[in-house]
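Here the structure comes first, spelled out in structure tokens, and everything after it is commentary.
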Amino acid sequence: MFNFMVILQVVERLSDLLQSVDCIEEASLDGGGTTIKIATKNSGIVRLLICDPQADLTQLLAKVQLLTVTGGRHSKFIVPPAKEKARFTVKDEIQAIIDGISILCFIPKVFYSSAYECGKFMVTLAYPIIICNAGTGVSFILSPEPNKGERIFGTSIGGGTFMGMSRYVKGGSEDFRSIEQLVVNGDASNVDLSVGDIYGGSYEEQGLPADLTASSLGKLTGAAQKQPDILCSVLKMICVNLTQLAFLCANLHKVSTVVFTGGFVSESQTAQNIIGEAMDRLSENRIKSIFSSYGSYVGCIGALHLQE
């Protein structure tokens, strides 16, 4: 429970965060493989920001009174003088994610299911849950109750894979949002082999519909093919793979709710639509796919001292 009202605000630029206050009561940094997620707290207002790992945080950290860091690369983002001025702690990344989800449960209208045909529907999260935290890499966490849980599985096929393949296909460095715009205009069926391509229709004996992907990038040849189609196929391949692993984890532990967090999923409506449809199909609507408006920030939110 909170001992004060919490208001979450997402800011777009580091300069906005610096100008918002002269002194920061508390801050947390979640150093991921691709980005830094930052949370600051002043009088119950929590401001959230995603920035580049190369960003200069000297001015920000100089304002901080209490600093907590988490994530795999947290040690790279700490300016030494800040350690001397601020009270400095390190929090385990998995526990920060678990606590971040628990904190969000007390804030209205932050969790939703993605009905890929009809839009978003706000939901109240009920435990036990599986958390699929999909950032650069992916962790699957079993959380039987708030603030409790353990990492049970993981995969190296995640957001880092998608961005690496995207840079290779595009022949240069691109940010996630620009790649997302290309994906929206792509059609994976132009490069994927479907069940229908192989069987001439549905494989009725095994209950496989004609439009089900049989082989990702199975139509890819040496001939020139559209980049958006290739990137759309890569995104779909990764998202369906995550969904299959989440489905297996949920079945194994008899859990009916999977919460998908991390920037790879939370910053992409296309990814959420793919995951929602795949989970409904795999589980025959028995397992719910849940997302959060603040899914990219669960680690840095959970690293703050917001709970009694």
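The values are calculated or read from the model by the stated rules, or taken from the named source; none is laboratory data. Since we're looking at a predicted model, the values are computed, not measured. Note that we place each Cβ from the backbone using ideal geometry, even for glycine, and neighbour counts take in every protein chain shown.
Worth pointing out:
- Scanning the range 92-151 for residues that are touching a helix residue (DSSP H, G or I) at 6+ places or on another chain (Cβ under 8 Å) and without any contact (Cβ under 8 Å) to a residue 60 or more places away in the chain yields Ser139, Ile141, Ser143, Pro146, Lys148, Gly149, Glu150, Arg151.
- Hits in the range 264-277 - residues which are outside any loop (DSSP other than H, G, I, E, B) and either buried (at least 22 other Cβ atoms within 10 Å of the Cβ) or at pLDDT 95 or above (or both): Phe264, Val265, Ser266, Ala271, Gln272, Ile274, Ile275, Gly276
- Among the residues listed as Val10, Val79, Val69, the single one being under 27 Å from Gly160 (Cα atoms) and at pLDDT below 90: Val79
- In the range 232-257, the residues that are closer than 19 Å to Phe111 by Cβ, aliphatic (A, V, I, L, M) and surrounded by fewer than 24 Cβ atoms within 10 Å (Cβ to Cβ): Val255
- Of the helices (runs of 4 or more DSSP H) contained entirely in the range 161-260, those carrying at least 1 residues that are basic (Lys, Arg), free of Cβ contacts under 8 Å to residues at least 60 places away in the same chain and under 30 Å from Tyr294 (Cα atoms) fall at 227-252.
- Test result for Asn285, assigned by TED's automatic domain parsing to the domain that holds Leu182 and not in a helix (DSSP H, G or I): yes
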